[in-house]
Every structure is written in C-alpha cells, then in structure tokens.
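Report on the structure given below.
Computed from the coordinates by the stated procedures, all read-outs in this text should not be read as laboratory data. Model, not experiment: these values are computed from the prediction. Cβ coordinates were reconstructed from backbone atoms using ideal geometry, including for glycine residues, and neighbour counts include every protein chain displayed.
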Amino acid sequence: MNRTEKSKENLAGYLFILPNLLGFAFFILLPLVFSLILVFTEWDYLKGFEGLSFTGLANIKRALHDEMIYKALKHNLIFSVASVPSAMVIGLLFASVLNKFVYMKSLIRTLIFLPYMSSLVAIAVVWRVMYHSSEGPINAFLKSIGIAHPPGWLASPDWALSAIIIMTVWTYIGYAMVLYLAGLQGVPKELYEAADIDGASGTKRFLSITVPLLKPTSFLIMVTLVIMSFQAFAQVQIMTNGGPMNVTNVLALYIYTQAFEFRDMSYGATVSWVLFVVIFAVTMIQWRTQKKWQNQW
C-alpha cells in the first residue's frame with residue numbers, strides 16, 4: 001500500500017469516527033469545561049454569558065462550610081454501603097440457582113433483570129404508591145400478619161432512606177445476577193467434580209470454589225454499582241425529594257436543587273465537582289484493592 005492509499009484509508013477512518021468525536025466534544029467535553037469555569041464565577045444565566053462574573057474561590061469556600069454537603073455525602077455513603085453489598089449477595093445467590101437446571105430459567109432470568117432495564121422514574125412512582133403509609137399494599141400486608149403499627153416508610157425520617165435503599169437494591173439485583181451468570185460460565189466444572197469426589201458439601205463448594213473464582217466479576221460489579229449509587233437521583237427526587245427533614249437528601253439531588261430550583265448554577269457546578277472528586281476517590285480506592293485479585297485475572 002502506497003502513501004496515497006494509506007492517507008485515504010486514514011481519512012476514511014477519521015470521517016467514520018468524526019460524528020462520535022463531535023458528539024463527545026459538544027455534549028460532554030465542552031459542558032465539562034464550562035462547569036469547571038462556573039466553579040470560579042457567579043453566573044446569572046438569564047443574562048447569558050454577560051451574566052458571568054469572576055469570584056475566585058468563593059464557591060469552593062462556601063462548599064467547604066456547607067453542612068448540607070456533608071449530610072448529603074453521609075446519606076450517599078449509607079446508601080452505597082447498604083445497597084451495593086445487598087444487591088451483590090442476592091444477585092450471586094440468584095445466579096447460582098439459575099445456573100443450575102431450573103424450570104423456565106430464561107423467563108425467570110428476564111423477570112429478575114427487567115427492573116434494571118425499566119424506567120427508574122416509573123419504578124419510583126410505583127414504589128411510592130406501594131409505600132403509602134395508610135393505603136399502600138406493603139403496610140396492608142404487614143397489618144395482615146399482625147404488625148399493628150407498620151413503618152411510615154417515605155413519611156418517616158427513620159425509614160425514608162431505608163425505603164429508597166430497598167427499592168434500589170431491587171433494581172440492582174438483575175444487573176448483578178446477569179454479570180454473575182456470565183462469570184459462572186467461566187468456572188471449570190472439573191473443580192466441582194473434584195470437590196464432589198472429595199465429599200465437599202454444596203455450601204463448601206460455593207464458598208471455596210464459586211466465590212473465589214468470581215472475584216474479578218465481583219470487583220467489576222462493585223465498582224459500577226458504587227458509582228451508580230453515588231449518582232442516585234431519580235428515585236430520591238420522585239419518592240421523597242430529599243425529605244422528610246432532609247434525611248434522604250443526596251449530592252445529586254442537592255446539585256439539582258441548587259442549580260435549577262435556586263437558580264445558582266455556579267454553586268451547583270461546584271457541588272457537582274465535589275461529587276466527581278468523591279466518586280473518583282472511591283473508585284481509586286477500589287482499584288487499589290484490585291491488586292489482591294490480580295492472580296484471578
């Protein structure tokens with residue numbers, strides 16, 4: 001191939017990826033850079049770009065002394081610590097059962113995975129109705145089994161965050177299950193056969209063979225679910241809008257409130273970068289722990 005033909009081939013390749021590069025530049029890169037600029041400015045967006053005024057580190061200082069950021073971050077941490085391990089454990093159990101010879105396996109797998117693929121907004125609306133303290137089916141069932149005073153769920157400061165976590169775990173289970181099912185296909189059957197010959201019980205085989213060999217899959221699921229949990233917004237905004245008494249306010253919702261309800265775009269951008277730093281730090285910590293599983297890759 002001569003130089004002219006090679007140049008034409010390179011040009012054709014660049015033209016093929018140009019739409020994607022333009023989309024990335026206009027919809028991701030430019031907004032990202034502009035949000036960073038907003039951190040150091042005060043923007044009255046009703047005036048357009050003329051409303052931009054440089055304020056230095058004022059927004060960062062405000063964020064460092066904003067108690068609501070720390071409360072929202074605390075709620076994010078609780079949300080992540082509670083939802084991610086729960087979804088992983090339940091997803092692994094479902095995957096292990098479905099990996100065996102189960103009747104109507106494809107249908108059951110689809111039903112479990114369906115909540116993850118469904119609209120989170122629609123799911124949140126349905127669960128909000130189910131959680132209704134006086135007319136919801138959940139409390140109706142609890143009363144039917146003898147619990148005279150069931151939780152107030154979304155109306156209770158003690159139960160609101162737990163209620164959202166339960167709904168979120170329900171949506172995450174299908175994602176974890178599908179990835180674990182894929183990981184189980186790579187576990188050598190010879191190991192199970194050898195364990196059977198040695199007389200190992202089903203629980204022993206699960207803990208000594210299945211769980212260790214699924215560590216790379218578990219790492220992938222953990223990283224992605226942690227990022228998703230820190231970005232939780234739709235279910236919180238629809239089910240409680242941060243209430244009652246701000247006990248379910250998370251960083252993503254706080255960003256929305258500052259930027260679109262209080263119309264403080266600059267401070268909303270600042271809080272969004274706080275969220276980015278938190279997610280980046282958590283992801284890097286998880287990536288460092290990956291070294292423990294390098295022998296499994």
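Points to keep in mind about this one:
- Calculated FRET value between Q286 and S144, using beta carbons and R₀ = 45 Å, to 0.05: 0.60
- Region 49-82: trypsin sites (Lys or Arg not before Pro) falling in loop per DSSP and having at most 15 other Cβ within 10 Å: none
- Taking other C-beta atoms within 10 Å as the exposure proxy, Y45, Y175, Y70, Y131 rank Y70, Y45, Y175, Y131 from fewest upward.
- Counting lysine pairs in the chain whose alpha carbons fall under 25 angstrom apart, excluding pairs fewer than 8 residues apart on the same chain, gives 15.
- Computed over the chain: relative contact order in percent, which uses C-alpha pairs under 8 Å that are six or more apart: 26 percent
- Projecting the Cα atoms of Y254, V277, N139 onto the dipole axis of the chain, where Lys and Arg carry +1 and Asp and Glu carry -1 at the beta carbon, places V277 farthest toward the positive end.
- Here the residues F260, F230, ranked from fewest to most Cβ neighbours within 10 Å of their Cβ, fall in the order F260, F230.
- Karplus-derived 3J(HN,Hα), 6.51/-1.76/1.60, for each residue of region 83-90, Hz, glycine and proline x: 7, 5, x, 4, 5, 5, 5, 5
- With R₀ set to 45 Å, the beta-carbon distance separating H65 from S162 gives a calculated FRET efficiency near 0.95.
- With a simple spin-label model that places each label point 7 Å from the Cα along the Cα-to-Cβ direction, the separation between F206 and V187 comes to 1.0 nm.
- Taking label points 7 Å from Cα along the Cα-to-Cβ direction, L15 and E42 give a separation of 5.1 nm.
- Our helix-only sum for the chain, with -39,500 (n - 2.57) per DSSP H run of n ≥ 4 divided by its residues, gives a mean residue ellipticity at 222 nm of -21000 deg cm²/dmol.
- Residues with amide H under 5 Å from that of T41, placed H, sequence gap 5 or more: T55
- Under 12 Å from a label point set 7 Å out along the Cα-to-Cβ vector of S133, the amide N atoms of region 242-278 belong to 244-245.
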